[in-house]
Amino acid sequence: MKRMHQAKFKENLAGYLFLLPNLTGYLIFVLLPILFSLYLVFLEWDYMRGFSGIKWVGLDNFRAIAGDPKVVKSLWNNMLFSVLTVPTSMVLGLLLAVVLNQFVYFKNALRTLIFLPYISSLVAVSVIWSIMYNSKSGPINAVLRSFGIRNPPEWLASPDSAMYAIIIMSVWATLGYAMVIYLAGLQGIPKDLYEAAEIDGASPIRKLLQITIPMLTPTSLFLAITLLIGSFQVFGPVAVMTQGGPVDSTMVLSYYIYLLAFRYYKMGYAAALSWFLFALIFIVTIIQWQSQKRWQSYF
Amino acid sequence: MAKLFLTKGVLNMQATTTHYVGPRVKIRRRKLVQTLLRVIVTALISGFAILMIIPFLWMISTSFKINAEVFQYPIKWIPEVWHFENYKEVWMGSNPFYTYYWNSIKITGITVAGSLLSSSMAGFAFAKLNFKGRDTLFLLYLSTMMIPGQVLLVPRFILFDKLHLLNTHFAIILPGIFTVLGTFMMRQFFSSLPGELLEAARVDGAGYWRMFWQISLPLTKPALVTLLILTFTWHWNEYENPLIFLRDRELYTIPLGLTNYVEEYGTNYVLLLAASVSALLPMLLVVLLGQRWIVEGIANTGIKG
């Protein structure tokens with residue numbers, strides 16, 4: 001009896017000791033900041049004036065969010081960015097994965113080349129693209145002109161096209177990731193499904209639509225959620241290529257939060273907006289999770 | 001693409017409906033058609049892959065030119081005269097890149113090593129040890145996993161300011177070591193190990209540290225490699241945290257150093273491109289050489305994560 005107690009005590013102790021380094025760090029650098037941030041949302045804090053810049057304002061920060069035209073603009077741009085980058089990367093990634101998986105020589109080499117942009121530093125990639133996007137004489141517009149397009153878009157220089165320029169680059173950077181995840185998903189589809197379909201004389205297109213895509217539903221859901229969460233947090237390309245401009249045409253939530261907190265030092269408002277971003281991500285994830293249940297019962 | 005599938009179907013049908021050829025010829029012809037198709041598709045996809053890496057090729061080629069040649073069209077992929085001055089400026093000029101490299105290596109190295117150790121220890125405890133409050137604590141971890149980094153930026157900034165950690169590498173390294181996601185992943189990996197394994201070790205009188213370090217950890221090697229690759233690329237390419245927490249140029253990491261070039265040399269494009277090559281090339285080479293590990297490592301998290 002006593003020995004059992006001792007063993008139990010030892011296991012408890014071991015558990016806490018193994019957890020100790022991580023838990024300490026978690027409490028200080030994750031949990032404490034989260035709780036602190038939940039308190040910050042009720043404050044107006046001009047950080048440049050130190051502790052004397054603190055004022056309790058209740059829910060005013062959230063009221064301010066609702067009436068802030070920059071928030072509305074950022075929200076719109078975030079939507080545009082997500083709606084265009086996520087499905088495009090997924091569709092292209094799926095097509096490439098299906099083709100690479102079966103009909104191609106040098107599969108690994110090609111896969112790696114297409115994957116390279118994803119693993120590269122977004123900052124460096126943004127620097128290269130912003131030079132290539134140069135509206136007067138950059139190589140992209142030079143190519144477009146040589147194809148006879150007389151007035152190619154001004155890309156980053158114009159509010160009409162700047163967001164799309166960032167979107168195109170982001171699709172380029174993420175489609176390799178979608179492809180690699182889909183390639184992994186394809187390995188999990190049992191071969192006999194295809195053999196059975198072949199006996200039934202199903203065409204390749206039918207096999208794609210009725211076996212491959214339905215069987216990849218979990219992969220697609222994983223990709224949709226991770227890409228969507230990532231796309232809501234897009235920061236690097238905006239910070240490097242446009243700083244939210246021209247005239248706020250590329251302002252997104254994460255960059256606006258950065259400006260508020262670390263340029264204007266409005267800590268309370270920035271914290272409130274960051275929780276607003278969290279709420280958006282949370283809602284979108286829940287919706288996707290729910291719709292996945294429906295798909296799964298459907299197939 | 002649809003067209004290609006269709007042609008394949010049509011050709012197959014032809015091969016099966018022609019009656020006068022023997023079965024062996026039929027199979028041979030079918031094989032030939034398939035090979036031909038494979039060659040065509042490979043060529044198409046290769047074209048696409050080259051299109052994907054054109055920005056990199058353009059970057060490398062242009063970084064050896066002078067500013068007057070940057071926007072020459074048609075593009076001369078091989079510079080007429082190779083200008084190495086840009087690289088000399090990047091590596092030995094007033095903002096030398098080796099400082100940024102050293103900082104990135106130091107920060108990434110310590111963070112990755114630290115987070116692998118702390119995540120695997122905590123993951124082991126959560127998965128294999130029965131202690132009081134384990135499930136509550138794990139639930140706490142899980143509940144904070146979905147909170148985006150943006151929420152943490154403001155409070156961490158204030159916290160680090162009060163702790164006098166702003167503008168030091170600690171502000172990047174410390175939060176990097178304790179990742180919820182890493183802990184969660186390691187817990188999942190350890191959970192998949194059979195329980196009898198540790199029972200046997202316990203009967204043999206092994207202590208908890210030995211069960212962890214000598215028995216369990218070696219078995220999770222593929223998982224560790226995956227986590228290593230993931231955390232390495234995260235921290236190596238990380239931009240937002242260093243941007244906020246570091247002020248002095250001597251402390252900058254590679255991405256920050258590169259944006260510093262953009263701010264300072266604005267339209268000196270060849271210099272910016274030489275700096276971009278300097279920032280990207282080692283990583284690109286690592287990926288090309290270790291492609292199997294890296295690509296598959298990332299694919300693995302896709303399935304298990």
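The table below gives the values:
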quantity: Test: residue in the stretch B:88-97 that is closer than 30 Å to B:ASN268 by Cβ, among the charged types (D, E, K, R) and away from chain A (no Cβ under 14 Å); calculated: yes
quantity: All positions within the stretch A:88-133 that are assigned to a loop (DSSP other than H, G, I, E, B) and facing chain B (nearest Cβ under 7 Å); calculated: A:PHE103, A:VAL104, A:TYR105, A:PHE106, A:SER120, A:SER121
quantity: Single residue of B:ARG292, B:ARG249 found to be of a type in the set (Lys, Arg), facing chain A (nearest Cβ under 10 Å) and more than 30 Å from A:ASN12 (Cβ to Cβ); calculated: B:ARG292
quantity: Test: residue in the stretch B:213-225 that is assigned to a loop (DSSP other than H, G, I, E, B) and within 11 Å of chain A (Cβ to nearest Cβ); calculated: no
quantity: Hits in the stretch A:132-160 - residues which are surrounded by fewer than 20 Cβ atoms within 10 Å (Cβ to Cβ), of a type in the set (Ser, Thr, Tyr) and under 25 Å from the mean Cα position of the chain (by Cα); calculated: A:SER158
quantity: Meets criteria (assigned to a helix (DSSP H, G or I), surrounded by 20 or more Cβ atoms within 10 Å (Cβ to Cβ) and within 16 Å of the chain's Cα centre (by Cα)) for A:LEU227; calculated: yes
quantity: Qualifying residues in the stretch B:278-289 (those that are more than 7 Å from chain A (Cβ to nearest Cβ) and surrounded by fewer than 21 Cβ atoms within 10 Å (Cβ to Cβ)) - the one farthest from B:PRO55 (Cα to Cα); calculated: B:LEU289
quantity: Yes/no for B:ARG24 being exposed (fewer than 12 other Cβ atoms within 10 Å of the Cβ), away from chain A (no Cβ under 14 Å) and modelled with pLDDT under 85; calculated: yes
quantity: Residues within the stretch A:114-146 that are farther than 26 Å from B:THR253 by Cα and in the same structural domain as A:LEU100 (by TED's automatic domain parsing), tallied; calculated: 1
quantity: Of all residues in the stretch B:252-262 being touching a Pro at 6+ places or on another chain (Cβ under 8 Å) and within 11 Å of chain A (Cβ to nearest Cβ), the one that is surrounded by the most Cβ atoms within 10 Å (Cβ to Cβ); calculated: B:THR253
quantity: Residues within the stretch B:171-219 that are crowded, with 21+ Cβ neighbours inside 10 Å and either among the hydroxyl-bearing types (Ser, Thr, Tyr) or in contact with a strand residue (DSSP E or B) (Cβ under 8 Å, 6 or more places away or on another chain) (or both), tallied; calculated: 4
quantity: Lone unmet requirement of (1) within 12 Å of another protein chain (Cβ to nearest Cβ); (2) without any contact (Cβ under 8 Å) to a residue 24 or more places away in the chain; (3) closer than 24 Å to B:VAL277 by Cβ for A:LEU144; calculated: (3)
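Table: residues versus (1) in a helix (DSSP H, G or I); (2) in the same structural domain as A:TRP76 (by TED's automatic domain parsing); (3) not charged (D, E, K, R).
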{"position": "A:PRO152", "(1), (2), (3)": "no, no, yes"}
{"position": "A:LEU156", "(1), (2), (3)": "yes, no, yes"}
{"position": "A:ALA165", "(1), (2), (3)": "yes, yes, yes"}
{"position": "A:ALA178", "(1), (2), (3)": "yes, yes, yes"}
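The rows are residues; the columns are (1) within 7 Å of chain A (Cβ to nearest Cβ); (2) of a type outside the set (Phe, Trp, Tyr); (3) in a loop (DSSP other than H, G, I, E, B).
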position: B:GLY109; (1), (2), (3): no, yes, no
position: B:SER115; (1), (2), (3): no, yes, no
position: B:MET121; (1), (2), (3): yes, yes, no
position: B:ALA127; (1), (2), (3): no, yes, no
position: B:PHE131; (1), (2), (3): yes, no, yes
position: B:VAL151; (1), (2), (3): yes, yes, no
position: B:VAL154; (1), (2), (3): yes, yes, no
position: B:LEU165; (1), (2), (3): no, yes, yes
position: B:THR183; (1), (2), (3): yes, yes, no
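The values are calculated or read from the model by the stated rules, or taken from the named source; none is laboratory data. Remember, it's a predicted structure, so these values are computed and weren't measured experimentally. Positions of Cβ are backbone-derived with ideal geometry, glycine not excepted, and every protein chain shown enters the neighbour counts.
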